1. Hand me the list of helices (runs of 4 or more DSSP H) wholly inside region 205-319 holding 3 or more residues that are more than 19 Å from the chain's Cα centre (by Cα) and in contact (Cβ under 8 Å) with a residue 40 or more places away in the chain.
2. Looking at region 57-128, what helices (runs of 4 or more DSSP H) fall wholly within it and have at least 2 residues that are free of Cβ contacts under 8 Å to residues at least 40 places away in the same chain and surrounded by fewer than 19 Cβ atoms within 10 Å (Cβ to Cβ)?
3. Kindly provide the set of residues from region 346-380 that are crowded, with 24+ Cβ neighbours inside 10 Å, at pLDDT below 90 and within 29 Å of Pro61 (Cβ to Cβ), ordered by number.
4. Between Gly155, Gly135, which is of a type outside the set (Asp, Glu) and either touching a strand residue (DSSP E or B) at 6+ places or on another chain (Cβ under 7 Å) or under 25 Å from Ile249 (Cβ atoms) (or both)?
5. Pick out the one residue from Leu206, Leu192 that is surrounded by 15 or more Cβ atoms within 10 Å (Cβ to Cβ), under 30 Å from Val6 (Cβ atoms) and in contact with a Phe, Trp or Tyr (Cβ under 9 Å, 6 or more places away or on another chain).
6. Applying the selection to region 225-239, what residues are closer than 21 Å to Leu352 by Cβ and among the acidic types (Asp, Glu)?
7. Within the set of pairs 6+ apart or on separate chains, which have a first residue in region 366-385 that is in contact (Cβ under 8 Å) with a residue 12 or more places away in the chain, a second that is not in a helix (DSSP H, G or I), and C-beta atoms under 8 Å apart?
8. Does Thr46 satisfy the condition of being free of Cβ contacts under 8 Å to residues at least 60 places away in the same chain and more than 22 Å from Gly139 (Cβ to Cβ)?
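The values are calculated or read from the model by the stated rules, or taken from the named source; none is laboratory data. Nothing here was measured: the structure is a model prediction, and the numbers come from that model. Counting neighbours? That spans all protein chains shown, and the Cβs are built from the backbone with ideal geometry, glycine included.
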Amino acid sequence: MTRRTVLILAVTCGMAVGNIYFPQALGPLIAGGLDTSPESAALVVTATQVGYTAGIFLLVPLGDRLPHRPFLVALLALTGVGLLVAGCAPGLPPLVAAGALVGVASVAAQIVAPLAAGLVAPERRGAVMGTLLSGSIGGMLLARTFGGSLGEWLGWRAPYLVAAVLVLLLAVVLARALPTTAPSSREPYPALLRAPVRLLRTEPELRRSCLYQATVFAGFSAVWTCVALLLGGPAYGLDARAVGMLALIGGVTMVCTPLAGRLVDRRGPDPVNLVSLLGVLLAAAVLVPGDLGGTPGLVALVAGTLVLDVAMQSGMVANQARVLALRPDARSRLNTAYMTCGYLGGSAGSWLGVHTYGRVGWRGVCALVALLAGIALTRHLMTLYGRESRGRLPQEEASQALCSRASSSWADSSTP
């Protein structure tokens with residue numbers, strides 16, 4: 001796979017992820033444009049996110065059953081149609097329905113990762129996964145700025161219509177640039193839907209990776225959900241733009257994830273996971289003074305969220321490289337199981353974070369992040385210790401056998 005193809009796939013990931021996030025900046029504009037309440041306008045974002053979760057479960061397993069190029073082109077075309085319908089929606093109900101369609105079809109990034117894993121040599125897989133994740137991070141970070149700025153300038157419909165044109169152009173590019181691939185499975189669709197649960201039962205490495213991602217992403221979601229509450233509270237008294245500026249600092253991870261991928265290629269995923277989990281624990285400690293307010297508090301928030309972002313995304317590169325190496329014939333179904341567990345962990349983390357913040361405050365949220373990372377780190381250390389013990393046992397048995405043979409030889413030579 002050429003660098004040009006990797007770049008096109010990274011852009012595809014960024015566009016697909018961005019379609020989920022840019023509506024978050026349009027809520028007030030939609031409410032004013034359609035003469036509805038902000039709470040009702042927020043249904044557009046909810047419908048898009050629910051549609052995305054449904055798309056992961058319902059469509060991503062088909063990546064093992066259908067040729068990748070026409071499947072990706074069809075998903076992008078469907079996304080473009082949904083964005084056009086949303087941009088022309090006469091009222092809130094059709095806009096919510098179009099948002100759900102956009103969410104369902106925007107799972108292209110989850111199809112791209114298994115496709116790329118099958119097109120590159122194993123020793124390059126981590127680096128390519130890191131590059132694709134950089135594209136997703138870029139789409140996530142820039143989408144809100146794109147949506148908010150363009151919406152303020154030209155109205156809430158403009159971001160949908162511009163995104164539709166870009167997605168449809170990308171579909172044309174993919175139709176010409178992607179290589180032809182053969183499906184890895186001929187199982188019927190119901191069997192494909194059951195496969196992620198079956199793989200979770202039969203693949204211990206998949207379960208381990210899902211645990212790491214679910215716990216770390218839960219802590220990540222808890223922090224970012226509560227940062228908005230902290231910055232808007234009495235300690236800072238800032239508005240939502242401050243949260244957006246703080247989130248842009250996470251753009252550093254676009255540089256770090258390819259480096260993490262190269263480390264995975266050289267050393268394997270386990271050492272990267274270890275450093276990432278220790279990084280999450282460090283981030284939890286650095287974030288503790290974030291409730292002090294003023295310059296010291298802001299410095300703690302900037303440094304802590306940056307370390308947390310880098311650690312979470314680097315761990316995701318390691319986890320995904322491990323998962324996609326398990327079963328070449330079932331990469332999309334493996335990715336379905338992995339991403340579903342990760343998003344469930346993130347949802348649970350947001351809920352736990354809000355309730356912890358309401359009862360204990362910001363430092364309770366930091367303790368929650370440390371607890372979640374500690375669970376994953378304990379499991380990881382147990383795995384490393386067990387692997388070391390299993391490696392030591394054959395060496396001890398070989399040494400004992402060698403000593404036994406030496407003793408027997410000495411006895412035979414001593415016998416008259």
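1. Details: elements: 240-248, 253-267, 269-287.
Filter on region 205-319 gives 269-287.
2. On the way: elements: 68-87, 92-105, 108-119.
Result: 68-87, 92-105.
3. Scanning region 346-380 gives a single hit, Gly349.
4. Working: Gly155 fails: either touching a strand residue (DSSP E or B) at 6+ places or on another chain (Cβ under 7 Å) or under 25 Å from Ile249 (Cβ atoms) (or both).
Result of the check over Gly155, Gly135: Gly135.
5. On the way: Leu192 fails: in contact with a Phe, Trp or Tyr (Cβ under 9 Å, 6 or more places away or on another chain).
Within the list Leu206, Leu192, the selection yields Leu206.
6. none
7. Ala367/Val360
8. It is false that Thr46 is free of Cβ contacts under 8 Å to residues at least 60 places away in the same chain and more than 22 Å from Gly139 (Cβ to Cβ).
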